[in-house]
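Read-outs throughout are calculated quantities, based only on the coordinates presented, and are distinct from any laboratory measurement. Remember, predicted model here, so these are calculated numbers, not experimental data. Cβ atoms come from the backbone with ideal geometry, glycine included; neighbour counts cover every protein chain shown.
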Amino acid sequence: MKSRALPRLSCAAALMAMTALPASAHFQEIIPSADVLPDGGKVSLDLVFTHPFEGGPVMEMKRPASVNVLFGGKSTDIGDKLVEAPKGGVTAWKLDYDLTEPGAAIFSVIPQPYWEPSEGKYIVHYAKVVVDSFASGEGWDELAGLPVEIQPLSQPTALWTGNLFTGVVLKAGKPVPFAEVEVEFINDEGVKAPNDAYITQVIKADANGTFHYTMPKSGWWGFAALLEADQPMKSPDGKDVPVEEGALIWVNAKDMGH
């Protein structure tokens, strides 16, 4: 009897260990070929739904509900410029856009809701990134008008490695006290995390919805404030389930040269 019971116990223990592992954080990426264009010109943006630090897995991303650029106080729908750019064997997207005048272009994406069966919820990440045309240093703190959004208080296109990035979490234009913010690095260099806690770091905003983070390495960093939507959605089997609304902003830190 013991010889038969032990394998069953081992399988049960393994299953419990697997379910005890922390879930990988989902991040909607909207990453430009450059965050500053000293002479203006074309910028390419990659839209991928993935786990940045671990380099995947990449999740299937349906055609976004909308992609917009805010420039000079005017918002323009640029979804017609999207082209499929598969990554990791699933659908992802990219687009090119020409910036011919000085100023900050704030690109944002509203993806279609993503059903995550392991968490029993839908995920909608409203992600944005700032590209500064002609290195103007202007307009970077304008709001894209997303339902949930992070407003930068630090210029996101002029950050040295080690600079403190500060932002405010907003929902319907109002600060969210003590909002939880997940932070991940796009790990293109194979950085090894000491343990799982370092893959997705978590910070909390203060009573005014303001948070701070010092970036220890050059590259792209994503900040995701995760909030529950006011209204549930119907799951594939017809049940009311919660919706995770993510306010995301991507910023790039650069090493100081000698």
For the range 190-255, what's the radius of gyration and Dmax over Cα atoms, in angstrom?
-> 16.2, 50
May I ask for the angle, rounded to the nearest 10°, between helix 2-20 and the longest principal axis of the chain, with both axes built from Cα atoms and the value confined to 0 to 90°?
-> 20 degrees
Of the chain, which part is the longest with no GluC sites (Glu not before Pro) in a loop (DSSP not H, G, I, E, B) and with at most 16 other C-beta atoms within 10 angstrom?
-> 190-258
Could you tell me which of rounded, prolate or oblate describes the range 24-254, using a ≥ b ≥ c as the square roots of the eigenvalues of the alpha-carbon gyration tensor, with rounded for a/c under 1.5 and, failing that, prolate when a/b is larger than b/c and oblate otherwise?
-> rounded
Mind listing which chymotrypsin sites (Phe, Trp or Tyr not before Pro) in the range 177-252 are in a DSSP loop and have 16 or fewer other Cβ atoms within 10 Å?
-> 178
Taking the chain as a Gaussian network, where each spring joins two C-alpha atoms under 10 Å apart, which residue of 231, 155, 28 fluctuates the most?
-> 231
Selected from 89, 139, 173 as most flexible by GNM, with the chain as the system and alpha-carbon contacts under 10 Å | 89
Taking the Cβ of each residue in 210, 166, 100 as the centre, tally the other Cβ atoms inside 10 Å and list the residues starting with the fewest.
-> 100, 166, 210
Test item: Cα-centred dipole of the chain, Lys/Arg +1 and Asp/Glu -1 on Cβ, debye = 980 debye
Cα gyration tensor of the range 38-117, axes a ≥ b ≥ c as square roots of the eigenvalues: rounded (a/c below 1.5), prolate (a/b > b/c) or oblate?
-> prolate
Kindly state, as a whole number, the per residue volume in cubic angstrom of the convex hull around the alpha carbon atoms of the range 70-159.
-> 140 Å³
Exposed-site-free run, longest, the chain (rule: trypsin sites (Lys or Arg not before Pro); DSSP loop; at most 13 other C-beta within 10 Å) | 63-191
